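The structure appears below as structure tokens.
The values are calculated or read from the model by the stated rules, or taken from the named source; none is laboratory data. Bear in mind that the values here come from a model prediction, so they are computed numbers and not experimental data. Positions of Cβ are backbone-derived with ideal geometry, glycine not excepted, and every protein chain shown enters the neighbour counts.
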Ligand SMILES: Cc1cc2nc3c(=O)[nH]c(=O)nc-3n(C[C@H](O)[C@H](O)[C@H](O)COP(=O)(O)O)c2cc1C
């Protein structure tokens, strides 16, 4: 779907779904669901890193992580986040701003169960964002997690691991244009409706 910048839809979510689907299905690039997640810490300092978009709908954009990680700590202090998706091969960027909240245990369990058992053990083994003395130490932690697990072929989800859903409060579409005269359309949610503003590139 090509977003009609001259005739923007009232609701940007179907257009965003179409862009996400197109990027996922029409490309051979690795990780077309990679997105930059920007959080702020308790002092207001920004921190950015890549996470994978695993689910997307009207309610928001979902990613999974260790909730005791640096990003998890930051989200506890300030739930406001910014996301950026970039599909270079399609000349497209999407910016999202919203608030992160934990997804249900059921949704976290379902996604966790779809991961490879070794990745599930890794979620137990890694204290994400904490100092690591060496790779050997990390591997020892993995073996300790395996030994401690009743069902190492089918590890359960650690309580500190799960998903966050980022609400869609602001969505900006960016489409590459000739001679850098790109198209931009910014939508701001206003209750049940959206206000759209075309922006200069
Ligand atoms: C392509 C790619 C995908 C990634 N996906 C995730 C992810 O879905 N969840 C996650 O916690 N970290 C993911 N990471 C690692 C994060 O970028 C980051 O290193 C990690 O989450 C720790 O961040 P923090 O210390 O700020 O919490 C990914 C990294 C890359 C390069």
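Computed values, structure above
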quantity: Flag if residue 127 is in contact (Cβ under 8 Å) with a residue 40 or more places away in the chain and within 16 Å of the ligand (Cβ to nearest atom); calculated: yes
quantity: Residue satisfying all of: in the stretch 1-39; part of a loop (DSSP other than H, G, I, E, B), modelled with pLDDT of 90 or more and touching a strand residue (DSSP E or B) at 6+ places or on another chain (Cβ under 8 Å); nearest to residue 167 (Cα to Cα) among these; calculated: 11
quantity: Residue selected from the stretch 30-46 under the condition surrounded by 13 or more Cβ atoms within 10 Å (Cβ to Cβ) and in contact with a helix residue (DSSP H, G or I) (Cβ under 9 Å, 6 or more places away or on another chain), by the criterion nearest to residue 81 (Cα to Cα); calculated: 39
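Yes/no matrix, rows are residues, columns are (1) over 17 Å from the mean Cα position of the chain (by Cα); (2) farther than 16 Å from residue 172 by Cβ; (3) within 14 Å of the ligand (Cβ to nearest atom); (4) without any contact (Cβ under 8 Å) to a residue 24 or more places away in the chain:
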site	(1), (2), (3), (4)
11	yes, no, no, no
35	no, no, yes, no
52	no, yes, yes, yes
69	no, yes, yes, no
76	no, yes, yes, yes
